[in-house]
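The values are calculated or read from the model by the stated rules, or taken from the named source; none is laboratory data. Fair warning: this is a prediction, and the values are worked out from it, not measured in the lab. Here Cβ is always computed from backbone atoms with ideal geometry, including for glycine, and neighbour counts include all displayed protein chains.
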Amino acid sequence: MTPGQRLRQLANVLNATTPLGLLLAGCARTPVRRGPRGLLIATGYRWRLPFAGAFTVGNVVLFRAGPEEALANTVLLGHEERHCTQYAWCLGLPFLPLYFLAAGWSLARTGNPGSRNFFERRAGLRAGGYPEPGARVQAATAGRTGPAAPERNEA
Ligand SMILES: [Zn+2]
């Protein structure tokens, strides 16, 4: 790990978000393993919410997929890792209301919670499965979910 990754790991333990992520993983009975760069990878998440293939709480990245598929998706893992860093910059729990405000702003402006969401834009829209603002949704996705709700990889 780089010094920055160690600092992020320590910050997210001290700001209580990584313990919160581990508590969530434990309550959801998802196995947790060590991942790269100080991340903790929880796999096989089955709870209904959030509607996403992956999401992050502190340094814990929770995937619906199994461990092989989760660790093989380096693009999505990189996106989630940037959210880990955002938790640290927000001093932990303030990330959550700030994120939901940004998602609401994006939803009101574009019809989806990611395209104008500051945090998703910084983490990489394409990697998170969000369209660029004004982008046309691919036909395969549009037929299933409509242009305002593209298939999302994560939250
Ligand atoms: Zn994201």
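When every residue of region 36-52 is checked against the conditions, at least one turns out to be touching an Asp or Glu at 6+ places or on another chain (Cβ under 8 Å) and closer than 19 Å to Pro113 by Cβ. Taking (1) within 11 Å of the ligand (Cβ to nearest atom); (2) assigned to a helix (DSSP H, G or I); (3) of a type in the set (Ser, Thr, Tyr) in turn, Tyr87 satisfies each apart from (1). As a summary of the residue check, Leu14 satisfies the conditions (1) surrounded by fewer than 18 Cβ atoms within 10 Å (Cβ to Cβ); (2) at pLDDT below 95 except for the one numbered (2). Restricting the search to helices (runs of 4 or more DSSP H) fully inside region 90-135 and requiring at least 3 residues that are over 16 Å from the mean Cα position of the chain (by Cα) and either surrounded by 14 or more Cβ atoms within 10 Å (Cβ to Cβ) or within 13 Å of the ligand (Cβ to nearest atom) (or both) gives 95-110.
Residues of region 68-84 that are over 19 Å from Phe51 (Cα atoms), more than 13 Å from the ligand (Cβ to nearest atom) and not acidic (Asp, Glu): Leu71, Ala72, Thr74. Going by the conditions given, is Arg29 more than 16 Å from the ligand (Cβ to nearest atom), modelled with pLDDT of 95 or more, within 24 Å of Tyr130 (Cα to Cα) and not β-branched (Val, Ile, Thr)? It is false that Arg29 is more than 16 Å from the ligand (Cβ to nearest atom), modelled with pLDDT of 95 or more, within 24 Å of Tyr130 (Cα to Cα) and not β-branched (Val, Ile, Thr).
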